[in-house]
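The values are calculated or read from the model by the stated rules, or taken from the named source; none is laboratory data. Quick caveat, the model's predicted, so the values are computed rather than measured. Positions of Cβ are backbone-derived with ideal geometry, glycine not excepted, and every protein chain shown enters the neighbour counts.
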Amino acid sequence: MRESTFIHRNKDKWERIENDPDPTETDLLAEDFVSLLNDVSYSKTHYPHSNLTVYLNKLASRLYNRLYFKSKNERNPFKEFWVEDFPSIIGKNIKVLYIASGLFLLFLSLGLACAYLEPSFIQGIMGEEYLSMTQDNIANGKPFGVYNDESKMKMFVRIFSNNVFVGLLIFTMGIFLGLGSIYLTLKNGVMIGAFFAIFIQNSLGIDAFFVIMLHGTFELMGLVLECMAGMLLGMSFLFPGTLKRKQAFVNGLKMSSKIYLGTLPFTFLAAVIESFVTYLGQEGLAKTSPFLIAFLSIVLLGSWIIVIWYFFFFSRKKASSYTDQSFFEKVYA
């Protein structure tokens, strides 16, 4: 094709691109950019020394900058974190999540087993005062009365601040090759197992699971994720791969920090439920009204659906949409 013919066919498009400083449609902008790249390629092939090639190169460069900054300004960082960054990190490291979950369940089972094998174990773990209070609550017909012992807002602040601190400690202890995080998960898992054992020994195992897991679903998932973050932090130092150990550790710190930040809303929700909802089941299933049981069942079931779907299904689907290179650029940028 002669150069003049090529110019005549595309002149209107080039003028429109050049004279439209701020197109409203990003998709149209992207289409124009792809079309312009084809024109640049054709011009370079057939008219390599022409001023037309220089002009099209400059126009393509300007259009790229407009497309890049427009896309960047249209991003919603909050949405991008929850829909892209956080789930893709979880999905790419799903095996570590499985390991952290398995370790927690193992430690919880260990707490239950020790409580049965050694009668004084619960008192040693929970403390004599807390054990006596719980036993008194059971005797008084309010086995879960501990969730109704103080003002709701005061309880919320105490629980949320404590869980944030504990979670941060579990995560940061991963600096000790991940072993610190595993050790703290062991302590918490055994303690929770001992706590459940109190109710199981009083034939309130099902009640305990139902009531405690109202807030425990989010709270314990947060604990598992914090353990996962700490393990990844330690693994980044132990297994740097092709990177220098320092750079691998910095990358691991960035990734694990995002996991910890992702736990905070779940920690918040757990504190809200524990402070304002869990106490509704303080008398156990037998004495709680059917209406309240229905309401609490919705809360419990909803929590489980969110946790299972988001962390074990959606995260894997999201991770599969990224190549290793694109994931690396997104997470470590």
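Details
- From the list 207, 149, the lone residue that is over 25 Å from the mean Cα position of the chain (by Cα), of a type in the set (Asp, Glu) and modelled with pLDDT of 95 or more is 207.
- Residue in the stretch 59-71 that is over 38 Å from the mean Cα position of the chain (by Cα), surrounded by 14 or more Cβ atoms within 10 Å (Cβ to Cβ), modelled with pLDDT under 85 and not in a helix (DSSP H, G or I) present: no
- A residue that is surrounded by fewer than 16 Cβ atoms within 10 Å (Cβ to Cβ) and either assigned by TED's automatic domain parsing to the domain that holds residue 111 or more than 15 Å from residue 105 (Cα to Cα) (or both) cannot be found anywhere in the stretch 216-227.
- Here the stretch 1-19 is the region considered, the condition is being assigned to a helix (DSSP H, G or I) and loosely packed, with under 10 Cβ neighbours inside 10 Å, and the residue that is modelled with the lowest pLDDT is 19.
Every residue, every condition in (1) surrounded by 14 or more Cβ atoms within 10 Å (Cβ to Cβ); (2) over 28 Å from residue 280 (Cα atoms); (3) of a type outside the set (Gly, Ala, Ser); (4) in contact with a Ser or Thr (Cβ under 8 Å, 6 or more places away or on another chain), yes or no:
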{"site": "102", "(1), (2), (3), (4)": "no, yes, no, no"}
{"site": "115", "(1), (2), (3), (4)": "yes, no, no, no"}
{"site": "127", "(1), (2), (3), (4)": "no, no, no, no"}
{"site": "132", "(1), (2), (3), (4)": "no, no, no, no"}
{"site": "136", "(1), (2), (3), (4)": "no, no, yes, no"}
{"site": "146", "(1), (2), (3), (4)": "yes, no, yes, yes"}
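- Where residue 198 falls short, out of the listed (1) within 24 Å of residue 162 (Cα to Cα); (2) surrounded by 23 or more Cβ atoms within 10 Å (Cβ to Cβ): (2)
- Qualifying residue in the stretch 20-34 (condition: in contact with a Leu (Cβ under 8 Å, 6 or more places away or on another chain) and at pLDDT 80 or above): no
- Filtering 270, 294, 248, 286 for residues that are within 15 Å of residue 217 (Cα to Cα) and small (Gly, Ala, Ser) leaves a single hit, 270.
- Filtered residues of the stretch 91-131 (kept if hydroxyl-bearing (Ser, Thr, Tyr) and modelled with pLDDT of 95 or more): 98, 101, 109
- Test for residue 185: is it among the polar types (S, T, N, Q), under 30 Å from residue 293 (Cβ atoms), touching a residue at least 12 places away in the same chain (Cβ under 8 Å) and out of contact with any Lys or Arg (no Cβ under 8 Å at 6 or more places or on another chain): no
- The stretch 80-186 holds helices (runs of 4 or more DSSP H) entirely within its bounds, and those carrying 1 or more residues that are hydroxyl-bearing (Ser, Thr, Tyr) map to 86-92, 94-117, 128-139, 152-172.
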